[in-house]
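To keep things clear, I will list the structure first and then write my remarks on it.
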């Protein structure tokens with residue numbers, strides 16, 4: 001592979017927008033073992049949050065994906081492959097990045113859910129403040145509305 005081709009592939013892989021519009025690979029071979037990556041990611045993402053029993057599995061998958069990404073990137077960096085193989089590796093690295101993005105975003109709630117949760121917490125703090133300010137700290141029961 002020529003030097004400018006190698007640099008072009010490396011730039012493509014490191015581009016911030018490289019994963020936009022890219023699908024997670026159907027399967028990928030990691031350390032000689034074929035993994036159904038797309039079905040794994042969709043299975044995990046289908047849930048609202050990662051159950052405690054699955055956290056180790058997800059973390060292990062992310063570590064393995066990062067390690068495989070690094071191995072593939074080093075093959076391009078060290079000019080160990082032909083341009084065609086480098087193209088294939090670059091595409092697979094971008095697919096790995098897409099899968100990692102999906103797996104990394106699991107613990108963070110979506111912005112709409114987070115905004116609703118924040119609004120509810122703000123409302124509760126405000127009501128508690130009003131109860132204390134008006135001397136109604138023990139005002140419980142009822143419909144939850146404070147009458148002034």
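Step by step: first the residues of the stretch 1-34, then only those that are touching a residue at least 12 places away in the same chain (Cβ under 8 Å) and assigned to a strand (DSSP E or B), then the one that is surrounded by the fewest Cβ atoms within 10 Å (Cβ to Cβ). Which residue is that?
Within the stretch 1-34, the match that is surrounded by the fewest Cβ atoms within 10 Å (Cβ to Cβ) is 30.
In the stretch 80-108, which residue that is assigned to a loop (DSSP other than H, G, I, E, B) and surrounded by 14 or more Cβ atoms within 10 Å (Cβ to Cβ) is modelled with the lowest pLDDT?
It comes out as 106.
Out of all the residues in the stretch 42-60, is one or more surrounded by 13 or more Cβ atoms within 10 Å (Cβ to Cβ) and either touching a strand residue (DSSP E or B) at 6+ places or on another chain (Cβ under 8 Å) or under 16 Å from residue 88 (Cβ atoms) (or both)?
The answer is no; no qualifying residue exists.
What do you reckon, is residue 21 under 30 Å from residue 80 (Cα atoms) and modelled with pLDDT under 85? Walk me through it before giving the result.
Details: under 30 Å from residue 80 (Cα atoms): yes; modelled with pLDDT under 85: yes.
The answer is yes for residue 21.
Just give me the residues in the stretch 28-57 being under 18 Å from residue 69 (Cβ atoms) and touching a helix residue (DSSP H, G or I) at 6+ places or on another chain (Cβ under 6 Å), in sequence order.
Selection gives 28, 30, 37, 41.
I need the full set of residues from the stretch 35-72 which are part of a loop (DSSP other than H, G, I, E, B) and without any contact (Cβ under 8 Å) to a residue 24 or more places away in the chain, in order please.
Initially, the stretch 35-72 is screened for residues part of a loop (DSSP other than H, G, I, E, B), giving 36, 46-51.
Selection gives 36, 46, 47, 48, 51.
The values are calculated or read from the model by the stated rules, or taken from the named source; none is laboratory data. Predicted, not measured: the structure shown is a model, and the values here were computed from it. Every residue, glycine among them, receives a Cβ derived from its backbone with ideal geometry; neighbour counts consider all protein chains shown.
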